[in-house]
Amino acid sequence: MSDRSDIEWTDATWNPVRGCTKISPGCKFCYAETFAERFRGVPGHPFEQGFDLRLVPTALDLPRSWWSGRLIFVNSVSDLFHDEVPLDYIARVFRVMKECPQHQFQVLT
């Protein structure tokens, strides 16, 4: 997660979920999986568990700490609507977005 991004169409990334599961042929060349798996087993690294799906509740408040408005890519390394992400957790993510009107959030899946 970063309040700066090298992705040309966004300002920042926010990842309250990390990882995913391949569900279609379109997932074959997933950049996020390739990136995350390089760090599997590295103690203390955000991707210590590789690309295994996991919730990151400690990341939920991050957009609240950014006072100036940003265009934020939500879950650049996962899918917020993955079958294993509980609906109440998705609601928590959307609550943060609602409470941060200074930002524009990009939720892609």
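No lab work stands behind these numbers, since they all come straight from the coordinates. Computed from a prediction, not measured in an experiment: that's the story for all the values here. Methodologically, a virtual Cβ is constructed for each residue, glycine included, from the backbone with ideal geometry; neighbour enumeration extends over all protein chains shown.
Here is how the numbers come out for the structure above:
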quantity: Filter result for F51 (aromatic (F, W, Y), free of Cβ contacts under 8 Å to residues at least 60 places away in the same chain and touching a strand residue (DSSP E or B) at 6+ places or on another chain (Cβ under 6 Å)); calculated: yes
quantity: Cβ-Cβ under 6 Å pairs, at least 6 apart or on other chains, the range 65-85 side over 25 Å from R38 (Cα atoms), far side of a type in the set (D, E) and in a loop (DSSP other than H, G, I, E, B); calculated: W66/D3; R70/D11; L71/D11
quantity: Residues located in the range 97-109, provided they are more than 12 Å from the chain's Cα centre (by Cα) and in contact (Cβ under 8 Å) with a residue 40 or more places away in the chain; calculated: H103
quantity: Residue that is nearest to L62 (Cα to Cα), among those in the range 12-37 that are exposed (fewer than 15 other Cβ atoms within 10 Å of the Cβ) and touching a residue at least 40 places away in the same chain (Cβ under 8 Å); calculated: F35
quantity: So L55, is it among the hydrophobic types (A, V, I, L, M, F, W, C) and loosely packed, with under 14 Cβ neighbours inside 10 Å; calculated: no
